[in-house]
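What follows is a set of notes on a single structure, which appears directly below.
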DNA sequence: CGTTCATTTGAGTGCCGTCAATATAAGTGG
DNA sequence: CCACTTATATTGACGGCACTCAAATGAACG
């Protein structure tokens, strides 16, 4: 895999979210990145570890999650190509959650050392990456609202619409009626804070109602209008416009 | 109010969380800060606004919250002296949630311009503040787990123990059996994702069981052992040790 | 073609929500 | 300082969303 396509999605993403000048872009392009392939459903970094590098998703999907002592798991976020899901480890040295792949993925590892050199040399890039971690936090805030306030069907369609919107800033184009959503029903339950049994019932209900069909790792939108009404999805919290 | 006591809690907090050298500390001390008093239960910045300054809590308590279109409110975090709850606005220009006081408070406002000058001149300070926002995000992650996975009584004691632990890094000393918790039962409900009626029942149950007494804006620990067992509180996610 | 994992469905239970009323505390003006 | 107003806390009755336990079906994979 050539260097350009490795950083392409990262740059596309940083540029939709921040303003960078050519020198910044060149500096990011010249970061040393170690590309490795990862099987699906495998840990990348685990709770308690002290990683010395950050992980750029080049291809595939990842999730972050935390497990309680009672043995329950909560999925905290879903990550797509262009994301650096453990960028926080640059300053938070011990992991407080798990990061793992959802499907077979191509990952690029960037050492903390080289990132630190870059951010200290170029405050502009530091700001862009900082901003990236702040958007990450904004998504967590919305996730809290989702789990805390919305009824289960609305929770599901909300995270689905969030994922669709975020995929746009990498893939480009217009909102598709069908898109990847590579979670099992058990994982959907872990993301929404419900049991897999209940997740199944909600999915069936949404399908029977002709709103969305969530199956085989994909979402098929059946009725865009009623879906929007149910999800109450407002993308402002994604902060995708650097000017705003 | 003299300058030293204004920044004292901020410095104490940044130093428990990051390593700063004397020049960094001097630079932070010389930040222009406008001190203002605020009544209780008043908005500081609201969803949709574009603030040009950040707010340091000098005295008092604040919360961040988001409201859904359905009119429900979710409290996202509780803030104490030394916190800069809207530090994210430095890079995320449009607010995606509300920040308001819980009780009458003394606030210090620091312009984005002076913060940006400081962070660009001193990468060390930038890293410390960046780290601060990352801890903020780590707390959000734990909050998601709390709301998504724990039963309501455990949720309540978990946020109470988190607040107690965080108060320690400002106030110093050892874990007190009684501490401030200035939330009404309605606000407790909004923080936990339950109704105020149910919040009341849980509080009563915890009191009757002799575990904790949450009343009149205070928490009284009745049985430290059973409390710890119920809350499953592990402070690792607060990242209070700069070395770790 | 058997093993394993994911999905689906049923029956019964319980946590938590809604609606409603009352009590208590806190604050305000006369 | 008391009457009045309002916010907060408390309690009861009832309903429903979501959980547990359990089993069956379907899909994927070596």
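The values are calculated or read from the model by the stated rules, or taken from the named source; none is laboratory data. The structure presented is a predicted model; accordingly, all values stated were derived computationally and were not measured. So basically every Cβ, Gly included, is an ideal-geometry build from the backbone, and we count neighbours across all protein chains shown.
Is there a residue in segment B:54-61 that is touching a residue at least 60 places away in the same chain (Cβ under 8 Å) and either more than 13 Å from chain A (Cβ to nearest Cβ) or at positive phi (or both)? Scanning segment B:54-61, I find at least one residue that is touching a residue at least 60 places away in the same chain (Cβ under 8 Å) and either more than 13 Å from chain A (Cβ to nearest Cβ) or at positive phi (or both), so the answer is yes. The condition of being more than 9 Å from chain A (Cβ to nearest Cβ), under 23 Å from residue B:228 (Cβ atoms) and within 16 Å of DNA strand C (Cβ to nearest atom) holds for only one of B:199, B:160, that being B:199. Could you list all residues from segment A:202-221 that are touching a residue at least 24 places away in the same chain (Cβ under 8 Å) and either within 16 Å of DNA strand C (Cβ to nearest atom) or surrounded by fewer than 13 Cβ atoms within 10 Å (Cβ to Cβ) (or both)? If the condition is that a residue be touching a residue at least 24 places away in the same chain (Cβ under 8 Å) and either within 16 Å of DNA strand C (Cβ to nearest atom) or surrounded by fewer than 13 Cβ atoms within 10 Å (Cβ to Cβ) (or both), then A:202, A:203, A:205, A:206, A:211, A:212, A:214, A:217, A:218, A:219, A:220 are the ones that fit. One residue alone among A:124, A:146 is in contact with a helix residue (DSSP H, G or I) (Cβ under 6 Å, 6 or more places away or on another chain), within 16 Å of DNA strand D (Cβ to nearest atom) and under 25 Å from residue B:91 (Cβ atoms), and that residue is A:146. Within the set A:183, A:206, the sole residue that is within 16 Å of DNA strand D (Cβ to nearest atom), modelled with pLDDT of 95 or more and over 26 Å from residue A:100 (Cα atoms) turns out to be A:206.
For the condition within 16 Å of DNA strand D (Cβ to nearest atom) and under 21 Å from residue B:82 (Cβ atoms), residue B:218 qualifies.
Evaluate the following for residue A:108: is it more than 7 Å from every other protein chain (Cβ to nearest Cβ), part of a strand (DSSP E or B) and closer than 25 Å to residue A:30 by Cα? The answer is yes for residue A:108.
Among the residues of segment B:121-132, those identified as at the interface with another protein chain (Cβ under 7 Å from one of its Cβ atoms) and either crowded, with 21+ Cβ neighbours inside 10 Å or in contact (Cβ under 8 Å) with a residue 60 or more places away in the chain (or both) are B:126, B:127, B:130, B:131. Out of all the residues in segment B:222-231, is one or more touching a residue at least 40 places away in the same chain (Cβ under 8 Å), within 16 Å of DNA strand D (Cβ to nearest atom) and in contact with a strand residue (DSSP E or B) (Cβ under 7 Å, 6 or more places away or on another chain)? Looking through segment B:222-231, none of the residues is touching a residue at least 40 places away in the same chain (Cβ under 8 Å), within 16 Å of DNA strand D (Cβ to nearest atom) and in contact with a strand residue (DSSP E or B) (Cβ under 7 Å, 6 or more places away or on another chain). Taking segment B:167-196 as the range and being away from DNA strand C (no atom under 16 Å from the Cβ), within 22 Å of residue B:225 (Cβ to Cβ) and surrounded by 15 or more Cβ atoms within 10 Å (Cβ to Cβ) as the test, the residues that pass are B:167, B:168, B:179.
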